[in-house]
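This report concerns only the one structure given below.
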Amino acid sequence: MITGISTSGIISGTSQPNDIIELFGSTGNENANEYLTSVNADASGNWSANAATSYLWSDGQTTATSSGLS
């Protein structure tokens with residue numbers, strides 16, 4: 001879950017511990033128009049990434065590393 005986006009392009013959020021999060025710039029809440037980056041959540045499930053984009057929306061996809069599910 002994305003919990004914050006700063007004006008400097010830092011996107012942060014929470015997930016399950018050690019998940020891999022892929023971030024996308026988007027034209028809406030269900031679109032993925034531009035791949036930005038991927039980041040690993042820490043042992044508490046917190047993550048952040050510098051992912052500046054010109055799109056007004058950001059979207060993410062999580063892959064659970066322990067079970068291989070996404």
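List of remarks:
- Among (i) 19; (ii) 39; (iii) 27, the entry derived from the coordinates for percent of Cα pairs over 19 Å apart: (iii)
- GNM top mover of 32, 43, 51 - the chain, alpha-carbon springs below 10 Å: 43
- Of all accessible heavy-atom area on the range 1-67, the percent that carbon and sulfur account for (1.4 Å): 46 percent
The values are calculated or read from the model by the stated rules, or taken from the named source; none is laboratory data. This one's a predicted model, so the numbers in the text were calculated from it and none came from an experiment. The protein model used for the area step is the full one, side chains on, heavy atoms only, and it has no ligands, DNA or RNA in it. Shrake-Rupley method; radii C 1.70, N 1.55, O 1.52, S 1.80 Å.
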